[in-house]
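Notes follow the structure.
The values are calculated or read from the model by the stated rules, or taken from the named source; none is laboratory data. Just so it is clear, the structure is predicted and the values come from calculations on it, not from any experiment. Positions of Cβ are backbone-derived with ideal geometry, glycine not excepted, and every protein chain shown enters the neighbour counts.
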Amino acid sequence: MNLVAALCGSVPCVDTSPLHSGGVVDDRIQEVYTAVFWASVALGTVVTILLIYSMLRFRRRSDDDEPAQFHGNTRLEIGWTMLPLLVFLALFALTAANMPFVNDQRTAADEGGNTPMKVTVVGVQFAWSFDYGASSNGKRVQSFGTLYVPSDTDVNLDIVSTDPPCKPPTSVPGGETYAQAVAHLGCGVNHSFYVPSLAGQMNAIPGQVNTMWLSARQGTYYGQCTELCGVGHAQMQITVVSLPSNQFQSCVFGNPSGTVDASSPACKPGGA
């Protein structure tokens, strides 16, 4: 603990534990994880107790006669085959039942009546950019390094990758989304977008659009590219700032240039 405190005193320490949930997707992941964890603990405890009991109760002593030799016990064999199978099927069913909620992008309004918003996440060597679509003046609205989202709102993310010599497009052909336009460039290496407190990880693969979603409670969350993508891999850090809806609008769409000004008070948690 003293070492951790000393390290945190010399460099900024941030909480990236998936056990400290910041949104509904990670809440659901934790529910499944907790069920699997405690089932594993229970089964491991039972097996350990049975092993210790068997070793002590039936250990061979020096004056023991050789016991009768026999092979096969249908009841036991069925029992120790079916019990693990039932446990496996139960855990599989629990996981499979929750995968659509975790993986599938939202299409309908949430309980608060908010419709999902779309953000394109672009991984490049060695940074992240976030495209929020076109503003009222036709310019694409983008932020770099930090993803801004309205709190408690479903946000669909299209994850793509492009690296030099290709550059993200400044305009989008008719009938295509921005993510599709980036993917069609087909340049780059794999990256991986992961903010542990908000959702699972998703790879950014050249020529391909991968999708995920998140909904963040108000606050600041941190993540990292989890795909080794070159010498600057460690620099590909992610910050997600979840702001009240009105503040989010001012932060993201308040700059006529289209580039989100991270230094603006509107983009600071608790700001204007």
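Structure notes:
- Residue within region 104-114 that is surrounded by fewer than 17 Cβ atoms within 10 Å (Cβ to Cβ), among the polar types (S, T, N, Q), within 16 Å of the chain's Cα centre (by Cα) and farther than 17 Å from Thr177 by Cα present: no
- The set of residues from region 96-152 being closer than 29 Å to Gly230 by Cβ and hydroxyl-bearing (Ser, Thr, Tyr) comprises Thr120, Ser129, Tyr132, Ser143, Thr146, Tyr148.
- Close contacts from region 193-210, counting a first residue that is among the aliphatic types (A, V, I, L, M) and a second that is assigned to a strand (DSSP E or B) and surrounded by fewer than 19 Cβ atoms within 10 Å (Cβ to Cβ), with Cβ to Cβ under 6 Å and a gap of 6+ residues or different chains, come to Met202/Asn210.
- Of all the criteria given as (1) surrounded by fewer than 18 Cβ atoms within 10 Å (Cβ to Cβ); (2) under 25 Å from Gln235 (Cα atoms); (3) modelled with pLDDT under 90; (4) not β-branched (Val, Ile, Thr), the one not satisfied by Glu176 is (2).
- Members of region 50-100 that are loosely packed, with under 10 Cβ neighbours inside 10 Å and among the aromatic types (Phe, Trp, Tyr): Phe58, Phe70
- Listing of strands (runs of 3 or more DSSP E) fully contained in region 183-257 that carry 1 or more residues being within 29 Å of Asp110 (Cα to Cα) and among the hydroxyl-bearing types (Ser, Thr, Tyr): 191-193, 210-214, 219-224, 237-243
- Residue match in region 30-49 (condition: in a helix (DSSP H, G or I), acidic (Asp, Glu), at pLDDT 90 or above and surrounded by 10 or more Cβ atoms within 10 Å (Cβ to Cβ)): yes
- Filtering region 182-197 to residues that are modelled with pLDDT of 90 or more and small (Gly, Ala, Ser) leaves Ala183, Ser192, Ser197.
- For region 185-227, filtering for residues that are in contact with a His (Cβ under 7 Å, 6 or more places away or on another chain) and at positive phi leaves 0.
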